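Working notes, structure below.
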Amino acid sequence: RMACETMVLLQNKRHVLPLDASRYAAGRRLAVIGPNAADTLVHWGNYYGNPRHTFSVLDGIRTKFADPDAVIYYNKVSELVSTEQPNIQQLLADLEGITDVIYVGGISPKLEGEEMRVDYEGFKGGDRTSIELPAVQRCTLRLLHEAGKRVIYVNLSGSAIALEPE
């Protein structure tokens, strides 16, 4: 109940949500991509106990889209932060014929916490030095939009993230 009460829908341009699972029957494909899509640790936060089981966003979508003919394409695309840009041309080739893309990004306890040995752009020693979404994720989202994909962005973050212009 608490998890449901903490979700916030920031925008729903063109009324993309809620997704209708029946739209993805009979071979129509849906893409679930991004560095947090298949991660379960991101749900735990920085201070956590030992949950018996954690579902990733990808697991949850596969459960809801249980039609055996529905194809859910998954690709991590990039790490949460990276100096290397993903192979967008290959990604777009893989997404050929897929209109709807769920991009699950943000940050995770792997990047921020007490006195961590983390030194990436935007992060230093477990602290944030920038409120922006990591550059590799911003670039990927921009290129998906430019390619004409309907992008549903799911932000999994334990702290504030600036989402302009995303």
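The values are calculated or read from the model by the stated rules, or taken from the named source; none is laboratory data. Here the structure is a predicted model, which is why all the values come from computation and not from measurement. Here Cβ is always computed from backbone atoms with ideal geometry, including for glycine, and neighbour counts include all displayed protein chains.
Do we find a residue being free of Cβ contacts under 8 Å to residues at least 24 places away in the same chain and either within 23 Å of Pro134 (Cβ to Cβ) or among the acidic types (Asp, Glu) (or both) anywhere in the stretch 71-82? No, the stretch 71-82 contains no residue that is free of Cβ contacts under 8 Å to residues at least 24 places away in the same chain and either within 23 Å of Pro134 (Cβ to Cβ) or among the acidic types (Asp, Glu) (or both). Among the residues of the stretch 36-52, some residue qualifies, meaning at least one is among the charged types (D, E, K, R), within 16 Å of the chain's Cα centre (by Cα) and under 26 Å from Ala3 (Cβ atoms). The number of residues in the stretch 1-37 that are under 23 Å from Lys76 (Cα atoms) and either touching an Asp or Glu at 6+ places or on another chain (Cβ under 8 Å) or in a helix (DSSP H, G or I) (or both) comes to 8. From the list Ala93, Ala70, the one residue that fits, being among the aliphatic types (A, V, I, L, M), at pLDDT 95 or above and on the phi < 0 side of the Ramachandran plot, is Ala93. If the condition is being acidic (Asp, Glu) and free of Cβ contacts under 8 Å to residues at least 60 places away in the same chain, then the stretch 97-130 contributes Glu115, Asp119, Glu121, Asp127.
Any residue in the stretch 28-50 that is farther than 30 Å from Met116 by Cα, surrounded by fewer than 12 Cβ atoms within 10 Å (Cβ to Cβ) and in contact (Cβ under 8 Å) with a residue 12 or more places away in the chain?
no
Take the conditions hydroxyl-bearing (Ser, Thr, Tyr) and closer than 30 Å to Val16 by Cβ and apply them to Thr99. Does it pass?
When the stated conditions are applied, Thr99 passes them.
So, Ala147, is that one small (Gly, Ala, Ser), more than 15 Å from the chain's Cα centre (by Cα) and closer than 15 Å to Leu91 by Cα or not? For Ala147, the condition - small (Gly, Ala, Ser), more than 15 Å from the chain's Cα centre (by Cα) and closer than 15 Å to Leu91 by Cα - is met.
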